[in-house]
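Asks: Okay, here's the structure, questions in a sec.
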Amino acid sequence: MGAAPVEEDFYPRKHLNQTHISSRKHNLQMLIVVVFTNLLTLYIVAGPSIHVKNSISGYTNKLFHDHVSTIEQLDRTSQSLVVELNEKLNSTNLLVQALLVELARKNEASSSDEIWEFMNQNGNNELKLAIGPHKLPLGKSSSTTGLDEIYSAVGAGCLSLQEDLARYLTYEIGGECPVDDVFAQTLMLKGCEPLPRRRCHPKSPAGYKEPTPFPDSLWSIPPDSSIIWDPYTCKSYGCLIQRKNMSGFYGSQDSFDLQGREKSRWLHDNGGLSYGIDQVLRIKPKGTIRIGLDIGGGSGTFAARMRERDVTVITSSMNFDGPFNNFIASRGLIPIHVSVSHRFPFFENTLDIVHSMHVLSNWIPDTHLEFIFYDIYRVLRPGGLLWLDHFICTRPQLNQTYIPLIERVGFNKLRWNVGRNVDRRMDKNDWYFSALLEKPMS
């Protein structure tokens, strides 16, 4: 049997049209009834009782206006109280600041008095001569400093390290200085930076030979006879090169192996965290990146790559169980032995580029790091570049601390890349970010 026809198929077409017309008439009638009912209700409610509604409306309006008036009065009172409170808070802040300044001044004066008393009691005249002011032999200099004394530049931390400072300045005047590199560097890291000058001769290496001529020196290992090895665990460059295979922690572990990773650093740009020097230099007009600073530059390879491109880069480095400064100098490059806490010894608006790999990272307290970034901003010329190379942090720190910090200092972002730190365990949640930042032109 065929499928049963749908019931509608048995209705004639005319009957369908009549049904549709009847439905439309019914709907129209219902609409008229609804509209008429609503109009009638409106008349009953609004018409006969309009005077009652007006009375209620007037009373309601009065209550409303009284309420608004009360709120406005309270608002004016609260605003007055807020202004008065702000004034008191500002006065209190100024008082606290004044007290802190005075306290710092008294502490400084107290420390200064204590160190002078310490020097007098211990008869350390060398300490007094090293840090004390000295009268100018030609009298007051009115054309330059306006002073009649010259002061030694000594770190504020020295004042709280009296016994250590006295030890550092105990030696035979005109004789050989103690081999106390580790001790001196510890003083620097405690805030006694710069250290006071000394009147003695550093020990010279036995059998010293002339350095390798430039440019071969850029990729040559100097002879062991160029170094005083007393302060270091290793006693040769061969040991330093092999240290990368030893267990334990060493700063810049493979920096002395110039035929290893150092040989290929910054030559290639992977489009991610690792930037190439040539790609960075092309961001600016040719020849306008001329001088710069590499903060914590290890053995000086970044400066070497820049030198090959006629860019002079000074490398700051510490000698953490290795002669990093000597090694940089042996390559024909310029080292400066300063910590990351040291104010950069450059005038404002002078450098074309500042670079740092790993050293500027989350091991530095946030406030201290902010001072460093502002100091970098100070020494960079308008349009100068800050290259942050593999900055280590956690993901929350990146979003909550470092991005706002960089924006607060005022750098423009030219390039920005983020990725996991695959050198560490994945559960550490360590991340890298690399960035190329620009000091605004105005």
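The values are calculated or read from the model by the stated rules, or taken from the named source; none is laboratory data. Since the model is a prediction, treat every value here as computed from it, not as a measurement. Cβ sites come from the backbone with ideal geometry, for glycine too, and all protein chains shown count toward neighbours. The area values use the complete protein model at the heavy-atom level, side chains included, leaving out ligands, DNA and RNA. Shrake-Rupley method; radii C 1.70, N 1.55, O 1.52, S 1.80 Å.
Asks: Multiply the residue separation of Glu370 and Arg395 by 0.36 nm, subtract the distance between their alpha-carbon atoms, and state the gained length in nm to one decimal. Mind showing how you got there, number by number?
Replies: Details: separation 25, 0.36 × 25 = 9.00 nm, distance 1.86 nm.
That pair, Glu370 and Arg395, stretches by 7.1 nm at full extension.
Asks: For the pair Thr288 and Asp148, what calculated FRET efficiency results from E = 1/(1 + (r/R0)^6), where r is the Cβ-Cβ distance and R0 = 45 Å, to the nearest 0.05?
Replies: Working: r = 44 Å, r/R0 = 0.97.
The calculated FRET efficiency here is 0.55.
Asks: Between Lys190 and Phe346, with labels modelled 7 Å along Cα→Cβ, what's the label distance in nm to one decimal, could you check?
Replies: 3.1 nm
Asks: Under the rule of at least 5 residues apart or a separate chain, name every residue whose amide H is placed under 5 Å from the amide H of Asp294.
Replies: Those qualifying (amide H under 5 Å, at least 5 residues apart or on another chain) are Ile314, Thr315, Ser316, His355.
Asks: Let's see if you can work this out: charge +1 on each Lys and Arg Cβ, -1 on each Asp and Glu Cβ, no other charges. What is the dipole magnitude of region 216-439 about its Cα centre, in debye to the nearest 20?
Replies: That gives region 216-439 a dipole magnitude of about 440 debye.
Asks: Keeping every protein chain present and rolling a 1.4 Å probe, give me the accessible area per residue for region 126-191 in Å².
Replies: Values: 3970 Å² over 66 residues.
Dividing the accessible area of region 126-191 by its residue count gives 60 Å².
Asks: Per-residue HN-Hα couplings for region 266-273, Karplus 6.51 cos²θ - 1.76 cosθ + 1.60 at θ = phi - 60°, whole Hz, x for Gly and Pro?
Replies: Coupling constants for region 266-273: 6, 7, 10, 10, 8, x, x, 6 Hz.
Asks: Okay, moving on. Are there trypsin sites (Lys or Arg not before Pro) in region 285-375 that DSSP marks as loop and that have at most 14 other Cβ atoms within 10 Å, and which are they?
Replies: On the way: sites: Lys286, Arg290, Arg305, Arg307, Arg309, Arg331, Arg343; in loops: Lys286, Arg290, Arg309, Arg331, Arg343.
Of the trypsin sites (Lys or Arg not before Pro), the ones in loops of region 285-375 whose Cβ has at most 14 other Cβ atoms within 10 Å are Lys286, Arg290, Arg309, Arg343.
Asks: Another question about this same structure. State which entries of Lys413/Lys439; Lys203/Lys235; Lys263/Lys413 exceed 19 angstrom in Cα-Cα distance in the structure shown.
Replies: Details: Lys413/Lys439 9 Å; Lys203/Lys235 16 Å; Lys263/Lys413 29 Å.
Exceeds cut-off: Lys263/Lys413.
Asks: If you stretched the chain out fully between Tyr208 and Ser236, how much longer would it get, using 0.36 nm times the residue separation minus the C-alpha to C-alpha distance?
Replies: Numbers: separation 28, 0.36 × 28 = 10.08 nm, distance 1.40 nm.
Here the segment from Tyr208 to Ser236 would lengthen by 8.7 nm.
Asks: Relative to the present Cα-Cα distance, how much length would full extension add between Ser264 and Leu414 at 0.36 nm per residue of separation? If you can, show how the numbers build up before the last one.
Replies: Values: separation 150, 0.36 × 150 = 54.00 nm, distance 2.41 nm.
Value of the extension gain: 51.6 nm.
Asks: Using only the alpha-carbon atoms of region 216-439 as identical scatterers, what base-10 log of I(q)/I(0) does the Debye formula give at q = 0.08 Å⁻¹?
Replies: With one equal scatterer per Cα and no solvent, log10 I(q)/I(0) is -0.28.
Asks: Charges on Cβ only, +1 for Lys and Arg, -1 for Asp and Glu, centred on the Cα centroid of region 216-439; of Val359, Ser317, Phe327, which one is farthest towards the dipole's positive end?
Replies: Most positive-ward Cα: Val359.
Asks: Still on this structure: Along the Cα-to-C-beta direction of Asp310, a point sits 7 Å from the Cα; which residues of region 250-281 have their amide N less than 18 Å from that point?
Replies: 277-281
Asks: Continuing with the same structure: Ser141 versus Asn326, label points 7 Å from Cα toward the beta carbon: distance in nm?
Replies: The modelled label-to-label distance comes out at 3.5 nm.
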